[in-house]
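The values are calculated or read from the model by the stated rules, or taken from the named source; none is laboratory data. For clarity, every value in this text was computed on a predicted model and none was experimentally measured. Every residue, glycine among them, receives a Cβ derived from its backbone with ideal geometry; neighbour counts consider all protein chains shown. When the accessible area is computed, the model is the full protein with side chains, heavy atoms only, and any ligands, DNA or RNA have been set aside. Shrake-Rupley method; radii C 1.70, N 1.55, O 1.52, S 1.80 Å.
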Amino acid sequence: MATKNCIRSNNWAFVAYPESLPENWIGIINSYHIPWFCSPLHDADLNADETEKKAHYHIILNFESLKTQQQVEEITKDKLNSTVPIIVKSMKGYLRYFVHLDNPEKHQYKIEDIKCYGGADLDTYLAPTKNDRDLIYDKMIDWIEENDITEFSDLANYARYNEPEWRSLLYSNSTIFFATYLNSRRNKKAAIQKD
């Protein structure tokens, strides 16, 4: 049987309770100079009997080299007074759990409230699937139609300040589609006004 000194992984997760964390807990983790992720404060979770769970954070440490559970406990238990760390088998799955994306029966937290430190890149793991992108595009088109938008700058500015999911797609790979769509709307309006 493997002991906690033999099992090694790059990615470890643990739960931390605000009242148990030292005041400078973020600085403590940052002092290790590793990428890491922190969930939004889970302060609306319920137990099976519908009582409130104790508020907590889910945290993932993303080491460049393999670490044993005992090595990770030097941070989680010894420095942060947190739970025993567990191996993260799927970064994407665990990060989705940070906000309960796959658990609609649980309280839904906001993706934009996940904190990334030490160069951790959430988009690497939570990039939208094709189906997700299609649904977001549909919402954007609906908004354009409902608000009679004809300029890409209006769409981009709205996304920038109001819709983080839209912004990410617009900034990365949807510009041509939406610029063409908006240009087509302008041309259609101009043709109707001529008649």
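Which one of K89, K67, K106, K79 is of a type outside the set (A, V, I, L, M, F, W, C) and in a strand (DSSP E or B)?
K67
Output yes when any residue across the range 147-155 is over 18 Å from I111 (Cβ atoms), open to solvent by less than 80 Å² (accessible area, probe 1.4 Å), more than 26 Å from the chain's Cα centre (by Cα) and modelled with pLDDT under 90, and no when none is.
Scanning the range 147-155, I find no residue that is over 18 Å from I111 (Cβ atoms), open to solvent by less than 80 Å² (accessible area, probe 1.4 Å), more than 26 Å from the chain's Cα centre (by Cα) and modelled with pLDDT under 90, so the answer is no.
Looking at the range 170-183 only, could you name the residues that are modelled with pLDDT of 85 or more and open to solvent by less than 70 Å² (accessible area, probe 1.4 Å)?
Answer for the range 170-183, where residues must be modelled with pLDDT of 85 or more and open to solvent by less than 70 Å² (accessible area, probe 1.4 Å): L170, F178, A179, Y181, L182, N183.
Select from the range 36-64 the residues that are touching an Asp or Glu at 6+ places or on another chain (Cβ under 8 Å), open to solvent by 50 Å² or more (accessible area, probe 1.4 Å) and outside any strand (DSSP E or B) and list them in ascending order.
Answer for the range 36-64, where residues must be touching an Asp or Glu at 6+ places or on another chain (Cβ under 8 Å), open to solvent by 50 Å² or more (accessible area, probe 1.4 Å) and outside any strand (DSSP E or B): just K53.
So that you can scan it fast, the table gives a plain yes or no per residue for (1) over 19 Å from the mean Cα position of the chain (by Cα); (2) modelled with pLDDT of 90 or more; (3) more than 30 Å from L182 (Cβ to Cβ); (4) among the acidic types (D, E):
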{"position": "L95", "(1), (2), (3), (4)": "no, yes, yes, no"}
{"position": "N103", "(1), (2), (3), (4)": "no, yes, yes, no"}
{"position": "G119", "(1), (2), (3), (4)": "no, yes, yes, no"}
{"position": "D132", "(1), (2), (3), (4)": "no, no, no, yes"}
{"position": "L135", "(1), (2), (3), (4)": "no, yes, no, no"}
{"position": "I141", "(1), (2), (3), (4)": "yes, yes, no, no"}
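Please count how many residues of the range 10-35 are in contact (Cβ under 8 Å) with a residue 12 or more places away in the chain, over 13 Å from V72 (Cα atoms) and either touching an Asp or Glu at 6+ places or on another chain (Cβ under 8 Å) or part of a loop (DSSP other than H, G, I, E, B) (or both).
Number satisfying all stated conditions: 7.
Consider E50 against the criteria (1) closer than 23 Å to K110 by Cα; (2) at pLDDT 95 or above: it satisfies all of them except one. Which criterion is unmet?
If we test E50 against (1) closer than 23 Å to K110 by Cα; (2) at pLDDT 95 or above, just (2) comes out false.
How many of the residues making up the range 123-133 are polar (S, T, N, Q) and in a helix (DSSP H, G or I)?
Number of matching residues: 2.
Is it the case that some residue within the range 121-144 is touching a Pro at 6+ places or on another chain (Cβ under 9 Å), within 21 Å of I29 (Cβ to Cβ) and open to solvent by 40 Å² or more (accessible area, probe 1.4 Å)?
Among the residues of the range 121-144, at least one is touching a Pro at 6+ places or on another chain (Cβ under 9 Å), within 21 Å of I29 (Cβ to Cβ) and open to solvent by 40 Å² or more (accessible area, probe 1.4 Å), which makes the answer yes.
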